[in-house]
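Read through the structure below, which is laid out as structure tokens, and then see the notes.
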Amino acid sequence: MFPNLKRDVGFPVIGSFVLFLALFGGGLIYQTILSNGSAERLVTTMLIDAIIVIGIQIYIGNTGILSFGHIGFGAIAGYVFAVYAISPEEKLKRIPTAPFGLTDTQVSPGLAILIAVVVTLVFAVIVGIGLARSGAQSGSVAATVITLALLFVTHEVAKSWPELTGGNRGGISFAIGESLEGRALILVVLFASMLIARLYGQSRSGRLAIAAREDSLAARAMGVNPLVQQMAALLLSVVIVSVGSSLRVWQIGSILPDRFFFDYAMLTLVMLIVGGRNSVTGAVLGVAVMTGARELARRLGQDGFEVFGLGLDEAPLDWVFRENLNSVVLGLAMVGFMIWRPTGILEDWEFDQWLYRRFGRGTQTEPGRLAELDDVPAATFEASGVSVAFGGFKALTNAGMTAESGEVVGIIGPNGAGKTTFVNVITGMVEPTDGAFSIDGVDLTGSASHELSRSGLVRTFQNLRLFGALTVRENVEIAALVAKEHRTERTLRDVDSLLAEAGLWEHRDRRARELDYGNSRRLELARAAAMAPSFMLLDEPTSGMSDSESLTMIEQVRHMAATVGAGVIVIDHDLGFITGISDRIYVLDQGQVIAEGTPDEVQANARVQAAYLGSAADR
Amino acid sequence: MTIRKLMALLAILAMLAAACGSDGDSDTATDDAPAESDEGDAMEDDAMEDDAMAEESHSLDIDAVLAADLSNCAEAPTGDPIKVGMVMDFSEAAGFVDVPGSEVVPYVASLANCAGGINGRPVEVEVRESGADPALATQDLIDWGAQFFIGPPFADATLPMQQTGGGEYAIFAAASTEPTLADAANNTFLVTFDDNGQSSAAAEFALAQGFTRAIVFTEGEGVPYSGVNPDAFKAAFTAGGGEIVSEQTYAWFVDTDFSAQVNEIAGVADGTEVFFSAAAAFQVTALRAQMEGQGLETVNYMGTDALDATGIIADPGGEGMVHTPHTLLVEGTALYDVLDASGTLASDAPSFMPLYIDSMFLGIQGILDCGCDDPAGIADAVKEISSFPGVSGDITYAGTNGIPPKAVPIVVVENGANVLLDTIG
Amino acid sequence: MTELLQNLIDGLGRGSIYALLALGVAVVFGIMHLLNFAHGELITIPGYLTYWAFNQGWNWWTVVPLIIVSAVLSSLLIERVAFSRVRGASDFTLLLTSFGVHFIVAAGFLLYVSASVKPYPRPGWFADTIAVGSLNIEIFDLAVIVVTIIVLAGTTWLLQRTMFGLALRAAASDFDTARLMGVKSDSVIRGAFALSGFLAGIAGVFWIMREGQVTPTAGINPMLQGVLAALIGGLGSLRGAVLGGLVLGLAEVLLRSWLPVGIQNLTTGFVFVMIALLFIFRPGGLLSVPQVERV
Amino acid sequence: MLEVTGLTTKYGAISALRDASLTVGAGEVVGLIGPNGAGKTTLLGSIAGLLPIDSGTIRFDGNDITSGAPEKILRAGLSLVPEHRRIFADMTVEENLKIGGVTRSGAERAELLDEMAELFPVLRDKWDTPAGYMSGGEAQQLAIARALMSKPKLIMMDEPSLGLAPILVDLVFELIDTLRAQGRTILVVEQNATRMLRAADRAYVLRSGEVVATGTGAELLDRSDLFDTFVGG
């Protein structure tokens, strides 16, 4: 579940508690200074908003999919809670003809929240399947529209089913005995949501979801199935949003369709975005900042209100600051942050991780070098007769190759020779027109990317695809997490050792996107190695490197492969690099294998020279 | 003191104020009574004429307040202030009445203070925007010391207000006709008739004209306002022997393209005499044009207070439409002058303004009746108010669930102005 | 049968307006990947100007050009003030920026005009019909359909035959390469917003005529219909946007007519469910533009 | 004419160009060769304004055009035929050409269209066909013709022979010869080194983002270490 108990459980618990105290304490101070009922109510509202925003953060933050629909889930939960929790006498006033005999039903508020969560989860599963079907990934517009549709549909239904909901103007108002007295329950739920959100972010599932958010393709290549992780994040976030929404209804004491519609969806989104959508700390900060800004705006709109001796009644700008200034604040905050800081105040900075780096890590010593594995199970990769045609254009014709574990096999060819197409075929991105490939006789043709890597064929990318916002160590950890689940028959290497092995030890806590090029390449290699692959498929691992860097890279590739006992298939256009690294080489040109053999044999081949220096090369 | 005595007292005071007025404004006050009786409000006439006995003057004299001259005020009142909290909707559907409503009430309060206050007590009014969090606005006013509330007309704010005040504060849903909102047990009151009342009145009027075939437009089954009104009309109309020829649904406040509905009506509507809906003016005029476009020209259009609220008289297509406004404003009355002076006569729906004024006076009446300042006590007294001679008509809460049985004026739009046809109830 | 035909014509009329709105959304999306949730403001702003103009004693002959011109100018202004600052940002950022713009414009009218309905007269011929056999066809629907056909033809001519149109299409298909050819990014983006504003203006003329009133949130419905139609058709596809608009208009009218009386008011809900289903089975919309994933 | 000094460009962490310098004189055909990933495409992209430059200057006709917007650089007289051709697939051949001449007046554009139809007979035959339906060779000709439509003082070509059958590669080089004969100035990135060196007046060899050799085509052809340099021995 958690790669590192201290970092992923211990500090998040401490951090969440401090964060919780900060939010609640700040609220208490404000409340004490003003010591009136409205300050108290404002703080209560803020605490509940925080629960809902944290719930939304679990989904948006970890998957990168913008959702308007969480308030739609909130509406479902709110109504379910309301119709179960309110007393039959109250229901007789508003919904005397409720279906399913609900008019006469009443359960305890706690049980009503539970029912609300369960019912909402059912809808979440349906919506989640829809999202998955639509190919949702970070930033996808179609997914956002589906969530928007959910928001509108719940609103429509709530408005148009007055027998159950009391309709848009009648609403359900209720006394469930009494309204929500005291904050104990809210505080418990708030702390729990913070903790859950943080623990999820640090958990295996959260890590994999974040990896997919950062780079869906690379995550799939690391054996992550983003759709599963997105569903997990969705369900968890919906649970928290459901509980939060129930509390909101309970606190307000009534529910109407418009209370869980566009305006509230926008408010919660702005809170999340202002603070930093990828961070729980940011979500909490956003709630505090926006609550404060809106309250200030609300007050400024009132006659006679002053802050630091500044009031607006007589101010020359009075015409700008009239009532309902806070909806302007909302719009301006949205546009302003999108223009100047779309990632929010804190981006993805987490308080507990800062604490951990500061105080928790202690001194770490670089692990010793890893011995090369010599007792790995032998494996064979085989591709035969692979042909790909796009329309009339034949990108590959009858290409085939084999590779054994412990061997480095190079594939080379000039630009346009079909290398990329070949890679696309054996990484599951392009379905071959003809031909098949397998590992140890297990046919893998047509498998999805994440299935291929779980089967032992792990790739790197020509254009670096690291999980940029994650640290170097976390990048490797993600692969290790998947390996732990799916590569159990192999010897799994310790993450720290692999980092040391790749020469990244001193950089282990930097974000991957801050690395220079050579280190980025090495990180990609270490990440692939952490998957405990049978074969590593390296796509142009030296493009953009200087000669000397390329030479070092040769050593590293060989060593890293030996460390995890993997065979290597390396694709490059650089004949020098390929001849330096490979035991055997396949040369592609015009979509066909034109030569195969040892580096010396291949280099001596006239057709190869011709392909490289040009068709008329004759020297 | 019994309510009857109080009413008598009020009437006397009104006469006194008229007789002893020290300046020209007194004329307006005397004109007031006959003008209002022109509206056909028989109950009010009774109150006015029931001038049996006068007692000491620690009571509410609305006419005197309305007649106050701001340029010539009595000594400023020094007693404990009467605190009126207004939670108003400025930014959504109710903004069109709540914005002027929140101007007219402070204005009338200033008149009251000018007239020496209520029993020497000044009236203070504080307004809060209901905005995104009506409960917060309510709490703000509770902190300030509000003794009762004037609220916006829709449940989205009124329900949270109720909850915030723990049901102890009297809340006047000033501009609301929403029957489910009134809840005497939680001290929430309508000031005008409710939807069932205005629609049954419309049906009664239609039957009295000899109409027997009607089309009804409804938003959907049982949806408040746009659904309740047509349902109530249907019930009253069929009970009186009428027939509903066609019933259509539409999206309230949204649709203006009624092609599909008109296509269906066209098949069945021969000889239809009346059309009833609770739609907004811009919708009814669009629909009427489309109906007439399809050759359905003889239908009489009837609507609810929504027509008045959304400016039917401003719409050239509204000519001849019949509807039910809250009050019929008559030029030359004290009320008319007050609205004019406060700038709210020019607002979108001035016929709602008397409801706001009455809300304030009703609360004050509660304070006077209970002789107390605690919100719950005031609310209890409000519950017992009977035959209160409000500027919007007589108001009785005793024995109701918070909906006063009020007369419903039926008006027709003629030459861009409302003309009274009848008063029902 | 008559009713069905009548409904089909009405649906086409309604769909034509949606098509114009959707085309405007698609043009902007094609060029800068912005799904413009502030598109409805191009109806709201001219709507208020219409209200103002009638109070000044204007008539429809002068108001129609006012609507179109103000829609174009509003579109350009919004681009200048907000969208030009987030060019090239992620879809996520662009989408939320447009939401923010919508909020600010709506709040502006709320604060400085009023929350209430501002009415103005509809044109006299608004609901007149002409009889064709057993059908009574609204002149309004006919006008919408005819004008839409003309505008679409004009837009097609613009896109196919003029240098601006070519530049726009080139930039939509490959922005960098278009710039390499000398297409000015500023001009082409502003041109796209102007075109989008013009199309919204034409749609706005009919929309505003039919409404007879304007409120601060008047833009939400045209925006939703435009965006949804563009999505139904397939984002980025101009032909798809037009198709999506017609499909949406027909679906609304026919659904309202076919749904049983008790749930007719759920028409919008059904439309949304249908769109969600469409996305689930065809994530790209009806005429989806294939997206190539570069490795 | 074109003078590039000390150009350094980074893609995020990747250093794609290190202190690269080159010059192109009027009327010259200059080749830029080197293995893939050597930074050739980056160099052209940087000159054309497509890629941000970290340091270095680019002067053209005496004017500093460093970090100019692509459309400005084109207007200065530099046109790039991009790698992979990047023709506008759903626009017709004629429309593609017109876009190429977007900076020219209508009459001039019409003239240039005729000129291109003459120079590239293949295009004339497919005038109204969507460019996406053309074969690789045809598309390459279209891409070059499109670039010529702006009447550039200097035309840059990025891998014009990429993905073409040998017979079409011949065609591309014939085309370069034709253009040279017309007196045009050309800077070509090409991986077919031998052919390029034969076609070019001068050439630069790029490797790992650095210029490692320069000279006339003939000189470089005679360099015995070229193959090693080229494939990275």
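Can residue C:267 be described as modelled with pLDDT under 90 and more than 30 Å from residue C:282 (Cβ to Cβ)?
Working: modelled with pLDDT under 90: yes; more than 30 Å from residue C:282 (Cβ to Cβ): no.
Taking the combined requirement at face value, the residue does not satisfy it.
Any idea which of D:23, D:92 is closer than 30 Å to residue A:545 by Cβ and more than 8 Å from every other protein chain (Cβ to nearest Cβ)? Please lay out each step first, then the result.
Values: D:92 fails: closer than 30 Å to residue A:545 by Cβ.
Just one listed residue meets the conditions, D:23.
Please enumerate the residues belonging to segment B:116-162 that are assigned to a helix (DSSP H, G or I), hydrophobic (A, V, I, L, M, F, W, C) and in contact (Cβ under 8 Å) with a residue 24 or more places away in the chain. First the steps, then the outcome.
Of all residues in segment B:116-162, those assigned to a helix (DSSP H, G or I) come to B:134-144, B:155-162.
So of that shortlist, the ones also hydrophobic (A, V, I, L, M, F, W, C) come out as B:135-137, B:141-142, B:144, B:155, B:157, B:159, B:161.
If the condition is that a residue be assigned to a helix (DSSP H, G or I), hydrophobic (A, V, I, L, M, F, W, C) and in contact (Cβ under 8 Å) with a residue 24 or more places away in the chain, then B:135, B:137, B:141, B:142, B:144, B:155, B:157, B:161 are the ones that fit.
So, residue B:371, is that one surrounded by fewer than 24 Cβ atoms within 10 Å (Cβ to Cβ), more than 30 Å from residue C:209 (Cα to Cα) and away from every other protein chain (no Cβ under 14 Å) or not?
Values: surrounded by fewer than 24 Cβ atoms within 10 Å (Cβ to Cβ): yes; more than 30 Å from residue C:209 (Cα to Cα): yes; away from every other protein chain (no Cβ under 14 Å): yes.
The answer is yes for residue B:371.
Could you please let me know if residue D:145 is within 21 Å of residue D:113 (Cα to Cα), touching a helix residue (DSSP H, G or I) at 6+ places or on another chain (Cβ under 6 Å) and surrounded by 19 or more Cβ atoms within 10 Å (Cβ to Cβ)? Can you show your working first?
Numbers: within 21 Å of residue D:113 (Cα to Cα): yes; touching a helix residue (DSSP H, G or I) at 6+ places or on another chain (Cβ under 6 Å): yes; surrounded by 19 or more Cβ atoms within 10 Å (Cβ to Cβ): yes.
When the stated conditions are applied, residue D:145 passes them.
All but one of (1) touching a residue at least 24 places away in the same chain (Cβ under 8 Å); (2) away from chain B (no Cβ under 12 Å); (3) over 14 Å from residue C:202 (Cα atoms); (4) in a helix (DSSP H, G or I) hold for residue C:37, so report the exception by its number.
Result: residue C:37 fails condition (4) only.
Collect the residues in segment A:583-595 that are charged (D, E, K, R) and either open to solvent by less than 10 Å² (accessible area, probe 1.4 Å) or modelled with pLDDT of 90 or more (or both), keeping them in residue-number order. Steps first, please.
Quick first cut of segment A:583-595, residues charged (D, E, K, R) only: A:583-584, A:589.
Scanning segment A:583-595 gives A:583, A:584.
Restricting segment D:69-80 to residues that are at the interface with chain C (Cβ under 9 Å from one of its Cβ atoms) and over 16 Å from residue C:175 (Cβ atoms), which is least open to solvent (accessible area, probe 1.4 Å)? Show your work before the answer.
Quick first cut of segment D:69-80, residues at the interface with chain C (Cβ under 9 Å from one of its Cβ atoms) only: D:69-75, D:79-80.
Then drop every residue that is not over 16 Å from residue C:175 (Cβ atoms), which leaves D:75, D:79.
Working: D:75: 110, D:79: 1 Å².
If we take residues in segment D:69-80 being at the interface with chain C (Cβ under 9 Å from one of its Cβ atoms) and over 16 Å from residue C:175 (Cβ atoms), then D:79 is least open to solvent (accessible area, probe 1.4 Å).
Is it the case, given these coordinates, that residue C:94 is open to solvent by 50 Å² or more (accessible area, probe 1.4 Å), more than 14 Å from chain B (Cβ to nearest Cβ) and in contact (Cβ under 8 Å) with a residue 12 or more places away in the chain?
Working: open to solvent by 50 Å² or more (accessible area, probe 1.4 Å): no; more than 14 Å from chain B (Cβ to nearest Cβ): yes; in contact (Cβ under 8 Å) with a residue 12 or more places away in the chain: yes.
So residue C:94 fails the test.
Inspect all residues belonging to segment A:516-529 and state whether any of them is within 13 Å of another protein chain (Cβ to nearest Cβ) and surrounded by fewer than 18 Cβ atoms within 10 Å (Cβ to Cβ). I'd like the intermediate steps shown before the answer.
Step one: filter segment A:516-529 for residues within 13 Å of another protein chain (Cβ to nearest Cβ), giving A:516-524.
Of the ones still in play, those that are also surrounded by fewer than 18 Cβ atoms within 10 Å (Cβ to Cβ) are A:516.
Within segment A:516-529 (the criterion being within 13 Å of another protein chain (Cβ to nearest Cβ) and surrounded by fewer than 18 Cβ atoms within 10 Å (Cβ to Cβ)), the answer is yes, since at least one residue qualifies.
Looking at B:106, B:100 in this structure, which one is surrounded by fewer than 19 Cβ atoms within 10 Å (Cβ to Cβ) and within 30 Å of residue A:298 (Cβ to Cβ)? Spell out how you get there, then give the answer.
Working: B:100 fails: surrounded by fewer than 19 Cβ atoms within 10 Å (Cβ to Cβ).
From the options B:106, B:100, the qualifying one is B:106.
For segment C:1-22, what are the residues that are open to solvent by 10 Å² or more (accessible area, probe 1.4 Å) and farther than 16 Å from residue B:257 by Cα?
Hits for segment C:1-22 are C:1, C:2, C:4, C:5.
Under 8 Å between Cβ atoms, at least 6 apart or on separate chains: pull out the pairs that start in segment A:163-188 with a residue that is part of a strand (DSSP E or B) and end on any residue that is modelled with pLDDT of 75 or more and among the aliphatic types (A, V, I, L, M).
What qualifies is A:172/A:82; A:172/A:83; A:172/A:86; A:172/A:95; A:172/A:255; A:172/A:256; A:173/B:155; A:173/B:159.
Report yes if residue A:138 is at pLDDT 90 or above, farther than 21 Å from residue A:251 by Cβ and either in a helix (DSSP H, G or I) or assigned by TED's automatic domain parsing to the domain that holds residue A:263 (or both), otherwise no. Give the steps one after another, and end with the answer.
Details: at pLDDT 90 or above: no; farther than 21 Å from residue A:251 by Cβ: yes; either in a helix (DSSP H, G or I) or assigned by TED's automatic domain parsing to the domain that holds residue A:263 (or both): yes.
So residue A:138 does not fit the description; no.
Would you say residue A:398 is open to solvent by 40 Å² or more (accessible area, probe 1.4 Å) and assigned by TED's automatic domain parsing to the domain that holds residue A:487? Break it down stepwise before answering.
Numbers: open to solvent by 40 Å² or more (accessible area, probe 1.4 Å): yes; assigned by TED's automatic domain parsing to the domain that holds residue A:487: yes.
For residue A:398, the condition - open to solvent by 40 Å² or more (accessible area, probe 1.4 Å) and assigned by TED's automatic domain parsing to the domain that holds residue A:487 - is met.
Any chance you could count how many residues in segment D:123-135 are surrounded by fewer than 16 Cβ atoms within 10 Å (Cβ to Cβ) and closer than 19 Å to residue D:81 by Cβ?
2
Which one of the conditions (1) surrounded by fewer than 24 Cβ atoms within 10 Å (Cβ to Cβ); (2) free of Cβ contacts under 8 Å to residues at least 12 places away in the same chain; (3) over 27 Å from residue B:182 (Cα atoms) does residue B:238 fail to meet, given that it meets all the rest?
The single condition residue B:238 does not satisfy is (3).
Looking at residue D:98 and the list (1) outside any loop (DSSP other than H, G, I, E, B); (2) free of Cβ contacts under 8 Å to residues at least 40 places away in the same chain; (3) open to solvent by 10 Å² or more (accessible area, probe 1.4 Å); (4) not hydroxyl-bearing (Ser, Thr, Tyr), which single condition is not satisfied?
Looking at each condition in turn, residue D:98 falls short on (2).
Quick check on segment C:115-159: of everything there that is in a loop (DSSP other than H, G, I, E, B), among the hydrophobic types (A, V, I, L, M, F, W, C) and free of Cβ contacts under 8 Å to residues at least 40 places away in the same chain, which residue is farthest from the other protein chains (Cβ to nearest Cβ)? Let's see the steps before the verdict.
Start the filter on segment C:115-159 by keeping residues that are in a loop (DSSP other than H, G, I, E, B), which leaves C:115-117, C:120-128, C:133-134.
Remaining after also requiring among the hydrophobic types (A, V, I, L, M, F, W, C): C:115, C:117, C:125-127.
Next, only the ones that are free of Cβ contacts under 8 Å to residues at least 40 places away in the same chain stay: C:125, C:127.
On the way: C:125: 9, C:127: 3 Å.
If we take residues in segment C:115-159 being in a loop (DSSP other than H, G, I, E, B), among the hydrophobic types (A, V, I, L, M, F, W, C) and free of Cβ contacts under 8 Å to residues at least 40 places away in the same chain, then C:125 is farthest from the other protein chains (Cβ to nearest Cβ).
Looking only at segment A:417-467, count how many residues are on the phi > 0 side of the Ramachandran plot, touching a residue at least 40 places away in the same chain (Cβ under 8 Å) and away from every other protein chain (no Cβ under 14 Å). Working first, answer last.
So the first thing to find is which residues in segment A:417-467 are on the phi > 0 side of the Ramachandran plot, and the list is A:418, A:428, A:435, A:440-441, A:446, A:456.
Add one more test, that the residue is touching a residue at least 40 places away in the same chain (Cβ under 8 Å), and what stays is A:418, A:435, A:440-441, A:456.
Applying the additional criterion that residues be away from every other protein chain (no Cβ under 14 Å) yields A:435, A:440-441, A:456.
Counting residues in segment A:417-467 that are on the phi > 0 side of the Ramachandran plot, touching a residue at least 40 places away in the same chain (Cβ under 8 Å) and away from every other protein chain (no Cβ under 14 Å) gives 4.
Restricting to segment A:244-285, and then to whatever is within 14 Å of chain B (Cβ to nearest Cβ) and outside any helix (DSSP H, G or I), can you tell me which residue is farthest from residue A:109 (Cα to Cα)?
A:261
May I ask you to verify whether residue A:291 is β-branched (Val, Ile, Thr), surrounded by fewer than 24 Cβ atoms within 10 Å (Cβ to Cβ) and more than 26 Å from residue A:131 (Cβ to Cβ)?
Values: β-branched (Val, Ile, Thr): yes; surrounded by fewer than 24 Cβ atoms within 10 Å (Cβ to Cβ): yes; more than 26 Å from residue A:131 (Cβ to Cβ): yes.
Judged against the criteria, residue A:291 is a match.
Just checking, does segment D:46-58 include any residue being more than 10 Å from chain C (Cβ to nearest Cβ), small (Gly, Ala, Ser) and surrounded by fewer than 22 Cβ atoms within 10 Å (Cβ to Cβ)?
yes
Being under 17 Å from residue C:180 (Cβ atoms), touching a helix residue (DSSP H, G or I) at 6+ places or on another chain (Cβ under 9 Å), away from chain A (no Cβ under 14 Å) and not basic (Lys, Arg), is that true of even one residue in segment D:118-127?
Within segment D:118-127, none of the residues are under 17 Å from residue C:180 (Cβ atoms), touching a helix residue (DSSP H, G or I) at 6+ places or on another chain (Cβ under 9 Å), away from chain A (no Cβ under 14 Å) and not basic (Lys, Arg).
Given the criteria outside any strand (DSSP E or B), at positive phi and crowded, with 24+ Cβ neighbours inside 10 Å, does residue A:223 qualify?
Values: outside any strand (DSSP E or B): yes; at positive phi: yes; crowded, with 24+ Cβ neighbours inside 10 Å: yes.
In short, yes.
Among the residues of segment A:547-574, write down those that are open to solvent by 20 Å² or more (accessible area, probe 1.4 Å) and either in contact with a Phe, Trp or Tyr (Cβ under 8 Å, 6 or more places away or on another chain) or more than 28 Å from residue A:485 (Cα to Cα) (or both).
Just the residues of segment A:547-574 that are open to solvent by 20 Å² or more (accessible area, probe 1.4 Å), to begin with: A:547-549, A:551-552, A:555-556, A:558-559, A:562.
Selection gives A:547, A:548, A:549, A:551, A:552, A:555.
The values are calculated or read from the model by the stated rules, or taken from the named source; none is laboratory data. Keep in mind that this is a model prediction, so the values were computed, not measured. Note that each Cβ is placed from the backbone with ideal geometry, even for glycine, and that neighbours are counted across all protein chains shown. Note: accessible area is taken over every heavy atom of the protein model, side chains too, but ligands, DNA and RNA are not part of it. Shrake-Rupley method; radii C 1.70, N 1.55, O 1.52, S 1.80 Å.
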